Amino acid sequence: MKSYVRVERVDTSSKEEVLDVTNLVEKAINKSGVKEGVAIVFLKHTTAALCINEAERGLMDDILKTFSTLVKENKYKHDEVDRNATSHLRSILILPSLVLPVSGGSLQLGTWQRILMIEFDGPRRRELYVQVIGE
Ligand code: ZN
């Protein structure tokens, strides 16, 4: 059993954006040498999150629009401390981590599936932690 860790730094460029980070995870899998196992992808942050979906530009905008509808700008208690409560609340609607299957040395995703990182409080540098475990 092998375990390989790679931390990728991802610079976001706006307050809110959706980025396709699939290639960074594939790079970690290739470097790990793991053929059969899992890739754990984890964001070490509280105002950004990960999901699997289609990386179509219109849909990526729709994702942000949907989160802004679900958690509207408001007066929240955390804003008295940090002024980014909305960013925290939007990011907790989805998880900060994913467990993905690796087989034949490749990430097993469906045709339209991509790993998307959603920034809710950028621009800033994010750390995407990828751990590949297997044989
Ligand atoms: Zn905060």
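The values are calculated or read from the model by the stated rules, or taken from the named source; none is laboratory data. All figures in this text were calculated on a predicted structure; none of them were measured in a lab. Cβ coordinates were reconstructed from backbone atoms using ideal geometry, including for glycine residues, and neighbour counts include every protein chain displayed. Note: areas computed on protein heavy atoms with side chains; ligands, DNA, RNA excluded. Shrake-Rupley method; radii C 1.70, N 1.55, O 1.52, S 1.80 Å.
Figures for the structure shown
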{"read-out": "Flagged links, alpha-carbon separation over 21 Å, of Lys2/Lys35; Lys44/Lys75; Lys15/Lys72", "value": "Lys44/Lys75"}
{"read-out": "Estimated [θ] at 222 nm from DSSP helical runs (n ≥ 4, -39500 (n - 2.57)) normalised by residues in the chain, nearest 500", "value": "-7000 deg cm²/dmol"}
{"read-out": "Heavy-atom SASA rank of Arg125, Arg83 (probe 1.4 Å, accessible area, largest first)", "value": "Arg83, Arg125"}
{"read-out": "Dipole moment magnitude, nearest 20 debye, the chain about Cα centre, only Lys, Arg, Asp, Glu C-beta charged", "value": "320 debye"}
{"read-out": "Shape category assigned to segment 2-134 from the gyration tensor of Cα positions, a/c cut at 1.5", "value": "prolate"}
{"read-out": "Area accessible to solvent at Ile133, 1.4 Å probe radius, in Å²", "value": "50 Å²"}
{"read-out": "Segment 85-102 - phi-based ³J(HN,Hα) in whole Hz, Karplus 6.51/-1.76/1.60, Gly and Pro as x", "value": "4, 4, 5, 4, 5, 5, 6, 7, 6, 10, 7, x, 9, 9, 10, 10, x, 10"}
{"read-out": "Euclidean distance of C-alpha centroids, segment 17-36 and segment 37-61, integer Å", "value": "12 Å"}
{"read-out": "Neighbourhood charge, 15 Å Cβ-Cβ cut-off, centred on Gly104 and excluding it, Lys, Arg +1 and Asp, Glu -1", "value": "-2"}
{"read-out": "Nearest-0.05 FRET efficiency for Leu93 and Lys44, computed from C-beta distance (R0 22 Å)", "value": "0.75"}
{"read-out": "GNM flexibility winner over the chain from Val38, Val81, Val99 (Cα, springs under 10 Å)", "value": "Val81"}
{"read-out": "Cα long-axis angle, helix 22-32 against the chain (0 to 90 degrees, to the nearest 10)", "value": "40 degrees"}
{"read-out": "Around Glu119: net Lys/Arg minus Asp/Glu count, Cβ-Cβ under 9 Å", "value": "0"}
{"read-out": "Local electrostatic count at His45 - Lys and Arg +1, Asp and Glu -1, tallied over other residues with Cβ under 15 Å", "value": "-1"}
{"read-out": "Heavy-atom SASA rank of Arg9, Arg124 (probe 1.4 Å, accessible area, largest first)", "value": "Arg9, Arg124"}
{"read-out": "Thr69, Thr22, ranked by accessible area, largest first (probe 1.4 Å)", "value": "Thr69, Thr22"}
{"read-out": "20 Å reach of a label modelled at Lys72, 7 Å along Cα-to-Cβ, counting backbone N of segment 84-102", "value": "84-93"}
{"read-out": "Accessible area (Å², 1.4 Å probe, nearest 10) - Glu127", "value": "60 Å²"}
{"read-out": "Computed accessible area, Lys27, all protein chains, 1.4 angstrom probe, square angstrom", "value": "80 Å²"}
